[in-house]
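The values are calculated or read from the model by the stated rules, or taken from the named source; none is laboratory data. Fair warning: this is a prediction, and the values are worked out from it, not measured in the lab. Note that each Cβ is placed from the backbone with ideal geometry, even for glycine, and that neighbours are counted across all protein chains shown. Heavy atoms of the whole protein, side chains included, go into the accessibility calculation; ligands, DNA and RNA do not. Shrake-Rupley method; radii C 1.70, N 1.55, O 1.52, S 1.80 Å.
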Amino acid sequence: MDLRISIVGCSGAGKSTLARRVAGTFGIPTLELDAVHHQANWTPLPEPEFRDRVRGFMTTHDSWVIDGNYQAVLDHVWNGATHVVWLHPPRWLATWRVGCRSIRRGLGRTRLWNGNRERVRDLFSLDRERSMVVWTWQTHPERARRYARRFEASEWRRLDRRRLTRASETEDWLETLASDIDKPPEIAS
């Protein structure tokens, strides 16, 4: 069974964590869109090149997991997907997770994509382009509206679409996915 899974949601929802779990469980490659988009010094990759790299990843693999929300590639990713998982934790929880993660990364001077690092001082900025906490708080409702509309759109009804709001729902979905894969294919009579 080819699995092509798009994982979307607000910052701090757990997209990359779930993508790594799915990739490890099913032995399929994963692509984190942030790692492609954010070049050195947080410079965004130009859109045409960004789209080309994502398309190249998708066409190179029969199965894949892609996590991220970038509008420049989202339709293409969903057109190639078999499953879409929208991780939608409560706003306060996503913001809390991002704050903890940003502090840990900033204090630990953790290298992220292409050598980038988060700075603890940016957490205290009210500018959502600098502070991941402000970004998460402000974009959470925007993402909720966007994905609610997309999940209802007729063009995406062919996809196995899941909106998961709690860790227990995520665990249930992973178990269901594993059991679906283990089932032998039905033979038409």
inquiry  = I'd like the residue in segment 140-156 that is more than 29 Å from Ser102 (Cα to Cα) and in contact with a helix residue (DSSP H, G or I) (Cβ under 9 Å, 6 or more places away or on another chain) and, out of all such residues, is least open to solvent (accessible area, probe 1.4 Å).
reply    = Trp156
key: Tally, over segment 68-102, of residues that are over 21 Å from Ala35 (Cβ atoms), in contact with a helix residue (DSSP H, G or I) (Cβ under 6 Å, 6 or more places away or on another chain) and of a type outside the set (Ser, Thr, Tyr)   = 2
query = Would you call Val65 within 16 Å of Ile7 (Cα to Cα), in contact (Cβ under 8 Å) with a residue 12 or more places away in the chain, in contact with a strand residue (DSSP E or B) (Cβ under 7 Å, 6 or more places away or on another chain) and among the β-branched types (Val, Ile, Thr)?
reply = yes
remark   = Of (1) part of a loop (DSSP other than H, G, I, E, B); (2) surrounded by 15 or more Cβ atoms within 10 Å (Cβ to Cβ), Trp86 satisfies every one except (1)
inquiry  = Just to check your reading of the model, which residue among Trp173, Trp137 is out of contact with any Cys (no Cβ under 9 Å at 6 or more places or on another chain), at pLDDT 80 or above and open to solvent by less than 80 Å² (accessible area, probe 1.4 Å)?
reply    = Trp173
Matching option when the condition is surrounded by fewer than 18 Cβ atoms within 10 Å (Cβ to Cβ), more than 18 Å from the chain's Cα centre (by Cα) and assigned to a loop (DSSP other than H, G, I, E, B), among Arg104, Arg117, Arg121 = Arg117
